[in-house]
Ligand SMILES: Nc1ncnc2c1ncn2[C@@H]1O[C@H](COP(=O)(O)OP(=O)(O)OP(=O)(O)O)[C@@H](O)[C@H]1O
Ligand SMILES: [Mg+2]
């Protein structure tokens, strides 16, 4: 049998600044999808204009691989590696510049929030519309309808236009639709970054059900544990090129080696602090390394949702026997305001003993409830209460939106989300 997805010499060039290939509207997408072209050809516009190299970037360069029917493939890579671009081409949201992706089957995709649904239509109408795009008859969709609404937990918002949905609700419904409408190929891009933890688990469960039913799944995630548990195969992208194609576990190993190597920027989950350029010259380099992990020790890549746990391992060196040392970890917003500091001296069970040489302090924050956005981590070492080493902007941390309160109301204003309870008296 021929592969269900065949990717040949696929390249995608984006013009920086000018959004020539900016995402189409849903209407355009619908029209094109209904035409069902089997092969995507290079866009004539991109061919004709021939940009020079300096105002364009290759988001994908010469990608070749096949996906067999029933394969569950994890696609991993750092931010900007080209993962979403690859899924968009496979889903026919955007055209390749060179090469093609041949698809043999009905495909449903859940890409970044904003694609796939028509904002003016209600949840109910979008379910029918998506079913129609997948070539299903009304009666077929009706048999799945209740399951979709249940899974998506949108209940009384069913007849509300989806433009009024919170991002959590939107993703829940989009995932429910993509997973329940019996596609032969299911394409999912990083949905787990948006939902709350309970919903993430539910999605993973559903995806594993879909894959066990023999259907083909392509799954992009920064959650390596999820990739390992869900996928049998793995593809690693690096700067637009395919650098590994094989088993999922081997793909994750390959990726881990890649990101823990030298020369990686501060978005990696393991950061070398020994030669950090953001260290003030007046300090001796005692801080060695910062490692960021989330749930169950999973490397933190690409960010965590509001309220998720964070575990930081701070590796540092003490040059002589030292009785009194502490480590701090500050969270600054991009304006440089300190939003929160964690500090070993805040730990009531902190044991003081004389130490020398390489040390690791483990800092655990059970619920990191900063509001969505990007934060700069500042790490420092104190001896006898005085700062002896400090690295500004040691790493960047992205907090993503999540249904923290369980109501679909994402906390966005202010700097942090705290539990709050209300009752009418
Ligand atoms: N519409 C666009 N216009 C210009 N450049 C783009 C566009 N979309 C993506 N790019 C660029 O293409 C490259 C690949 O982006 P892509 O979104 O595919 O990465 P990714 O692997 O999905 O990253 P992430 O993990 O952050 O989601 C990046 O350098 C990105 O800035
Ligand atoms: Mg992406």
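Readers should treat all values here as calculations from the given coordinates under stated rules, not as data from a laboratory. Every value quoted in this text rests on a predicted model; they were computed, and no experiment measured them. When we count neighbours, we look across all protein chains shown, and the Cβ atoms used for this are built from the backbone with ideal geometry, even at glycine.
Against the chain, whose longest principal axis is taken from its Cα atoms, helix 248-260 shows a tilt of about 40°. Binning the C-alpha pair distances of the chain at 20 Å intervals from 0 yields a P(r) profile of 24, 52, 22, 2 %, listed from the shortest bin outward. Between the beta carbons of residue 420 and residue 102, assuming R0 = 60 Å, the FRET efficiency works out to 0.70 to the nearest 0.05. Taking Cα atoms only, the orientation of helix 123-133 departs from the longest principal axis of the chain by about 60 degrees. Taking 280, 249, 64 in turn, the Gaussian network model of the chain (Cα-Cα springs below 10 Å) assigns the largest fluctuation to 280.
222 nm [θ] for the chain, helices only, -39500 (n - 2.57) per DSSP H run of 4+, per residue, to 500?
Numbers: 9 runs with 100 residues, N = 425.
Here the helix-only value at 222 nm equals -7000 deg cm²/dmol.
Taking the Cα centroid of the stretch 55-122 and of the stretch 142-219, what is the distance between the two, rounded to the nearest whole Å? Cα centroid of the stretch 55-122 versus Cα centroid of the stretch 142-219: 18 Å apart.
Based on other C-beta atoms within 10 Å, arrange 422, 58, 380 from fewest to most. Could you put the intermediate results ahead of the total?
Details: 422 4, 58 18, 380 23.
Ascending Cβ contact count within 10 Å gives the list 422, 58, 380.
Short-range pairs are left out: with C-alpha atoms under 8 Å and at least six residues apart, the relative contact order of the stretch 270-400 is 32 percent.
Counting neighbouring beta carbons within 10 Å and listing from fewest to most, the residues 231, 203, 363, 416 come out as 416, 363, 203, 231. Of 320, 211, 341, the residue with the greatest mean-square motion in the GNM of the chain, using alpha carbon springs below 10 Å, is 320. In the chain, the longest principal axis of the Cα atoms and the axis of helix 26-35 are about 50 degrees apart. The fewest-to-most ranking of 73, 387 by surrounding Cβ atoms within 10 Å reads 387, 73. Structure remark: mean-square fluctuation, Gaussian network model of the chain, C-alpha springs under 10 Å; the largest value among 351, 391, 298 belongs to 351. When a/c reaches 1.5 or more, the comparison of a/b and b/c decides; with that in mind, is the stretch 270-400 rounded, prolate or oblate per its Cα gyration tensor? Because a/c hits 1.5 or more and a/b exceeds b/c, the stretch 270-400 counts as prolate.
Here the spin labels are modelled as points 7 Å beyond Cα on the Cα-Cβ line, and at residue 137 and residue 387 they lie 7.1 nm apart. Once the Cβ-Cβ distance of residue 339 and residue 145 is raised to the sixth power relative to R0 = 41 Å, the FRET efficiency obtained is 0.40.
If R0 is 25 Å, the Cβ-Cβ spacing of residue 8 and residue 55 corresponds to a FRET efficiency of close to 0.40.
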